[in-house]
Amino acid sequence: MRAVSPNFGFLRVATATPVLKVADCRFNAMEIIKVLERASENSVSVLFLPEMSITGYTCADLFHQLTLLDGAMQALEIVRQATETVYGGLLFLGMPVPADDQLFNCAVALSRGTVLGIVPKCCIPNYKEFYEDRWFAPAANRRSRSLRVNGVETPFGEDLLFSASNFRGLIVGVEICEDLWLPVPPSSVQALNGATVLGNLSSTNELIGKAAYRRELVTNQSARCIAVYAYASSGVHESTTDVVFGGHRLIADNGSLVVDSKRFERHSALDYTDVDLDRIKIDRMRTNSFGDSTLNLGLNRTYSRIPFMAEIPEKPHRLSRPVEAHPFVPDDSVELQGRCEEIFSIQIAGLAKRLEKIGNPRITLGISGGLDSTLALLVACKTMDALKVPRTSIHGYTMPGFGTTDRTRNNAIALMKHLGITVEPVADIRAACLDEMRLIGHKPFGIDIERLFKAKSGGTSFAAAQEAMVSAFSELLTEIPPGSQDLIFENIQARMRTSILMNAGFVLGTGDLSEL
């Protein structure tokens, strides 16, 4: 069993685009360290840098110069040492890695002074403005399972996942740029094998409309994988001989885009957010088809899990992203209008199908003048219109109780008349409710109903005694301290209204799942 996270499953993930000089590996290493310092200051646990962030993506034929490749390894050592003291989280950076007499475009994982593993790019683009195949081999060409990196044997392969020993559910997979554009990206297979945080080290150029496409791609991949997807792209300091890079950074959490950076920034930039790994784990358990797809699609393969110790703040930090108090109520008025119309249409479709199935009976509806019953009435009216059934088939009842005011009762009657439904006579439930309380011996708010009834029934008819009892009881209620509660008193009134409605016809509920 993994240790439970002290941060309730929230993890801080970041993407960054450091300032870069093409082919100046030492300079780039020092800029990366500056980014690591900022990441540490902001309690970042997992950080993704762009593709080829050690050398620059646009080195072109310099990738075949040993001076550059040796310089990249020396720069990696500088960054590795920095992860011992400057930054204790999990870092992914990009660099060229020679192996098996070939050159691979790789993501390198580091944590606490250790190079944990090297993941080569699976798909090498060689079309339009891209011609990586001139320098790099795809992951499928590798033969070695490990490489010696600065004297240390290090796992090497596209089948590596990085699993935190001290943070439940934190399993990280990484892919590189073009890999995301595949019909079945490596990240999809990584997710099916347990990865909850997916990263993409990218160098994607800027074209008209491409940023919007990237947003959709990252958001949809996060949703399909039920995972966090973090995307970091190279910035404006790459060579502009052929293309321009904007340094776009995106983070999506379970299908919601929570980080969408500015582009074309000329300074080192870092964006972070808190993601909910507990929610991801539970959503995957709930979505049984997620696990089934592993076998159905033939994607069951073995991944090596590389353990590491996650950097976790001693105390839960303040969340960096806002938590919406009303997640289903957008601030934008146009979006809000569309959301309300969608909800209304769903309700109408559901009610219409039910009414058709049972033969379009008369609908009974309790109208209080409040929001819940008003919404139910409006849905009922629109449903009748859709079915081309007269609105008079809706029978509205107002059933005042001890808390009903003249204003709400009059509002209810006016609303029913305005909408053209059948308005049933007012059913005052107060006397019946007091009789029910007498029957079970309940004393609401300490008031003895039986004694009150006997005091008012001497020498009068039963109806007159009931009327007098209701009047006296209502007077006593005004003396009850504000905030007093009596659940039985409230429930009896609710049950009485329900009984009247159910005896009259097909009841359309006005409340949530806990009530009618």
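The values are calculated or read from the model by the stated rules, or taken from the named source; none is laboratory data. Note that the structure is predicted; figures quoted are calculated from it, not measured. Cβ sites come from the backbone with ideal geometry, for glycine too, and all protein chains shown count toward neighbours.
Among the residues of the range 346-368, just one is free of Cβ contacts under 8 Å to residues at least 40 places away in the same chain, of a type in the set (Gly, Ala, Ser) and surrounded by 13 or more Cβ atoms within 10 Å (Cβ to Cβ), namely Ala352. Of the residues making up the range 321-336, one or more are surrounded by 14 or more Cβ atoms within 10 Å (Cβ to Cβ), of a type outside the set (Phe, Trp, Tyr) and within 30 Å of Gly88 (Cα to Cα).
Touching a Leu at 6+ places or on another chain (Cβ under 8 Å) and either of a type in the set (Ser, Thr, Tyr) or more than 20 Å from Leu49 (Cβ to Cβ) (or both): does that describe Ser256? In short, no.
Residue-by-condition table, conditions (1) under 24 Å from Ser289 (Cβ atoms); (2) among the β-branched types (Val, Ile, Thr); (3) in contact (Cβ under 8 Å) with a residue 40 or more places away in the chain; (4) assigned by TED's automatic domain parsing to the domain that holds Gly88:
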{"position": "Pro183", "(1), (2), (3), (4)": "yes, no, no, yes"}
{"position": "Ala191", "(1), (2), (3), (4)": "yes, no, no, yes"}
{"position": "Ile226", "(1), (2), (3), (4)": "yes, yes, yes, yes"}
{"position": "Tyr231", "(1), (2), (3), (4)": "no, no, yes, yes"}
{"position": "Phe245", "(1), (2), (3), (4)": "no, no, yes, yes"}
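The number of residues in the range 156-201 that are more than 25 Å from Thr114 (Cβ to Cβ) and either of a type in the set (Phe, Trp, Tyr) or in contact with a Ser or Thr (Cβ under 6 Å, 6 or more places away or on another chain) (or both) comes to 3.
Against the condition in contact (Cβ under 8 Å) with a residue 40 or more places away in the chain and over 16 Å from Val35 (Cα atoms), how does Ala75 come out, does it pass? Criteria not met by Ala75. Checking each residue in the range 128-140 for being loosely packed, with under 14 Cβ neighbours inside 10 Å and modelled with pLDDT of 95 or more picks out Asp133, Arg134, Ala140. Here Gly89, Gly117, Gly94, Gly113 are screened, and the one residue that is in the same structural domain as Val275 (by TED's automatic domain parsing) and farther than 20 Å from Pro307 by Cα is Gly94.
Give the residue, chosen from Leu415, Leu434, Leu476, that is hydrophobic (A, V, I, L, M, F, W, C), free of Cβ contacts under 8 Å to residues at least 60 places away in the same chain and in the same structural domain as Gln493 (by TED's automatic domain parsing). Step through it out loud before you land on a result.
Details: Leu434 fails: in the same structural domain as Gln493 (by TED's automatic domain parsing); Leu476 fails: in the same structural domain as Gln493 (by TED's automatic domain parsing).
Selected residue: Leu415, the only one of Leu415, Leu434, Leu476 that is hydrophobic (A, V, I, L, M, F, W, C), free of Cβ contacts under 8 Å to residues at least 60 places away in the same chain and in the same structural domain as Gln493 (by TED's automatic domain parsing).
Somewhere in the range 486-503, is a residue among the small types (Gly, Ala, Ser), assigned by TED's automatic domain parsing to the domain that holds Arg354 and out of contact with any strand residue (DSSP E or B) (no Cβ under 7 Å at 6 or more places or on another chain)? Checked against the condition, which is being among the small types (Gly, Ala, Ser), assigned by TED's automatic domain parsing to the domain that holds Arg354 and out of contact with any strand residue (DSSP E or B) (no Cβ under 7 Å at 6 or more places or on another chain), the range 486-503 yields at least one hit. Of the set (1) in contact (Cβ under 8 Å) with a residue 60 or more places away in the chain; (2) within 30 Å of Asp278 (Cα to Cα); (3) among the aliphatic types (A, V, I, L, M), all apply to Val149 but (2). Restricting attention to the range 255-272 and to residues that are crowded, with 20+ Cβ neighbours inside 10 Å and in contact with an Asp or Glu (Cβ under 8 Å, 6 or more places away or on another chain), the residue that is nearest to Glu129 (Cα to Cα) turns out to be Ser261.
Of all the criteria given as (1) of a type outside the set (S, T, N, Q); (2) under 20 Å from Val507 (Cβ atoms); (3) in contact with a Phe, Trp or Tyr (Cβ under 8 Å, 6 or more places away or on another chain), the one not satisfied by Phe445 is (2).
Restricting Leu415, Leu439, Leu452 to those that are within 47 Å of the chain's Cα centre (by Cα) and on the phi < 0 side of the Ramachandran plot reduces the list to Leu415. Val172 meets each of the listed conditions (1) buried (at least 24 other Cβ atoms within 10 Å of the Cβ); (2) over 19 Å from the mean Cα position of the chain (by Cα) apart from (2).
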